[in-house]
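Report on the structure given below.
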Amino acid sequence: MIKGLIFDLDGVITDTAEFHYLAWKSLAQKIGIEIDREFNEQLKGISRMESLDLILKHGNKEQDFTEEEKEALATQKNDEYKESIKEITPEDLLPGIEKLLKEAKERNLGMVLASASKNGPAIMDNLQITDLFDGIVDPASLKAGKPDPEIFVRGAEMLGLDPSECVGLEDAEAGIEAINGAHMFSVGVGSKEAMKEADYAVEDTSQLDLNTILEKAGQ
Ligand code: BG6
Ligand code: MG
């Protein structure tokens, strides 16, 4: 029986995946690297420094910067990103998410955030949804990020549940791989191609319906 929902944040709860993309695109341009939306799919779900490494590799510039310079580049990206998330309000919940969270709460399902983002707690506060959640997995405490299953396994542990009693929701290919690796039912949000490994996928959050999800997860 499903007793918990483990949520990704960026691109599932709110549209910050777009802000991450725009901030990386502008940072990449400053160092002479072009990235597009197709390439960006690989950046979803992975940490800040891993994203920077992939961008540098994409531009054949992985040898051009010292660790210190890379830290500075990542900080520059994060500063621009933080500017975009400053103004987030509850209105920025993606379509269908407020209903989903409230229905899940009414049914006493446990809810945990499993986001790779260190900005997660601030965004949750701006969205005014922190109180609906039972916990947030601290990405800094993980041995390995997505696609490793650890973050979702930790999310289930926080709820005192077995992963098989939880559903994970994601918009990133790396995230779906992490949920599947945790032996949890995976719900994907995004294109059929990007979400092909998900147990159940919808094209956008407005199609997320709690009853359907629970039914698909075999309840
Ligand atoms: C994930 C995003 O949720 O968080 C990634 O999908 C992002 O794109 C990662 O790189 C880390 O976020 P932050 O806010 O710690 O730089
Ligand atoms: Mg995401």
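Per-structure values
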item	result
Extension gain, Asp148 back to Ile31 (0.36 nm per residue minus Cα-Cα distance, nm)	39.1 nm
For the chain, built as a Gaussian network whose Cα springs stay under 10 Å, the top-fluctuating residue of Lys77, Lys30, Lys146	Lys30
Computed FRET value (nearest 0.05) for Thr66 with Ser141, which takes r as the C-beta separation and R₀ as 22 Å	0.25
Relative contact order (%) - criterion: Cα under 8 Å, at least six apart; region: segment 17-176	26 percent
Sparse-neighbour loop sites [trypsin sites (Lys or Arg not before Pro); segment 114-219; at most 15 other C-beta within 10 Å; DSSP]	Lys118, Lys143, Lys192, Lys196
Overall Cα dimensions of the chain - principal axes, largest extent first, Å	52, 33, 31
Whole-number percent relative contact order across segment 17-85, with pairs defined as alpha carbons under 8 Å at least 6 apart	44 percent
Among Asp199, Asp79, Asp171: highest mean-square fluctuation, GNM of the chain, C-alpha pairs under 10 Å	Asp79
Chain lengthening between Asp15 and Asp131 when straightened (0.36 nm per residue, less Cα-Cα)	39.8 nm
Virtual spin-label span in nm between Lys86 and Asn108, 7 Å along Cα→Cβ	4.4 nm
Taking N as its residue count, the alpha carbon Rg of segment 1-101 over 2.2 N^0.38 Å	1.23
Most mobile of Asn78, Asn126, Asn108 in a GNM of the chain (Cα contacts under 10 Å)	Asn108
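Quick note: the coordinates plus some simple rules give every number you see, no bench work behind them. Nothing here was measured: the structure is a model prediction, and the numbers come from that model. Every residue, glycine as well, gets a Cβ built from its backbone with ideal geometry; the counts of neighbours run over all protein chains shown.
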